[in-house]
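S.K.: What follows is a single structure, and I will ask about it in a moment.
Just so you know, all these numbers are worked out from the coordinates, no wet-lab data involved. Treat the numbers as computed from the prediction; the structure is a model and nothing was measured. Neighbour counts run over all protein chains shown; Cβ positions are idealised from the backbone, glycine included.
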Amino acid sequence: MPTTAISARIRPERAVDQPLSVETRLPLRPYGRENDWLLIMQHLAPLLASSYPGGAQWLSRRLDDIGEGRARAQLVEVSGQLRGVAIETPKASNQIKLSTLWLAPSLRGCGFGHELLQACTSRWRADGVPLAWITASSTALKAVGGLVTQHGFDLTACERDRYGIGRDEWVFQWTPDRGTSPVGPRARHGW
């Protein structure tokens, strides 16, 4: 399959049932168990619904896309409990949008977000992804910006009033040549 076909399907050499090869302390596993859809909906749908118009419906559609091979996700599961999710959505020209990056509050501030994001960026490098991005609402800007800029993401845009008046969406972009060191806008923005 040519690399440009990633806009339609995840590359077959990275099947959804294969775990990441990155060594982490996190118990990462791919999406695909019978109850994964329900687990993610229970944890994330209320959060997304409160932050984004149609957020719960969007999440349901994205999980269906994962089940059909048009997106992928890694889950963090601790003692049978969902504690984190990274959902990646392929875009044109082998690009990736990190559509969702979530950790349970009990795991935040312990380095687990770094491990989850490192697992994603390592796979993007291995897959030859030339560009990836993540967006953050204004309320999540400090937390998301603080994490992603340490992994080579740069703040590149702000979509003003994207989800209503005063509900801006901030765009961070990653490229493999930038995604190796904690430099860039972190110092300029105080993250």
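S.K.: Provide the FRET efficiency to the nearest 0.05 for the Asp177-Trp58 pair, computing r from the beta carbons and using R0 = 30 Å.
M.R.: About 0.45, to the nearest 0.05.
S.K.: List Asp168, Asp64 from most exposed to least, where exposure is judged by having the fewest other Cβ atoms within 10 Å.
M.R.: With the fewest neighbours first, Asp168, Asp64 line up as Asp64, Asp168.
S.K.: Report the full-extension gain for the segment Arg108 to Ser122: residue separation times 0.36 nm, less the Cα-Cα distance, to one decimal in nm.
M.R.: 3.0 nm
S.K.: While we're here: Express the relative contact order of the range 64-186 as a whole percentage, based on alpha carbon pairs under 8 Å and six or more residues apart in sequence.
M.R.: 19
S.K.: In the neighborhood of His43, defined by Cβ-to-Cβ distances under 12 Å, what is the net charge if each Lys or Arg adds +1 and each Asp or Glu adds -1?
M.R.: My count for the surroundings of His43 gives -1.
S.K.: Along the Cα→Cβ direction, 7 angstrom out, place labels at Thr139 and Arg29. What is the inter-label distance in nm?
M.R.: About 3.1 nm, to one decimal.
S.K.: Moving to a separate point now. Restricting to Cα pairs below 8 Å that are 6+ residues apart, what does the relative contact order work out to for the range 36-83? Please round to a whole percent.
M.R.: Here the relative contact order equals 30 percent.
S.K.: How do the peptides 109-119, 52-62, 33-43 rank, highest first, by the average count of neighbouring beta carbon atoms within 10 Å per residue?
M.R.: Highest mean packing first, the order is 109-119, 52-62, 33-43.
S.K.: Looking at the range 69-178, send over the antiparallel percent of its DSSP beta bridges, to the nearest 5.
M.R.: 95
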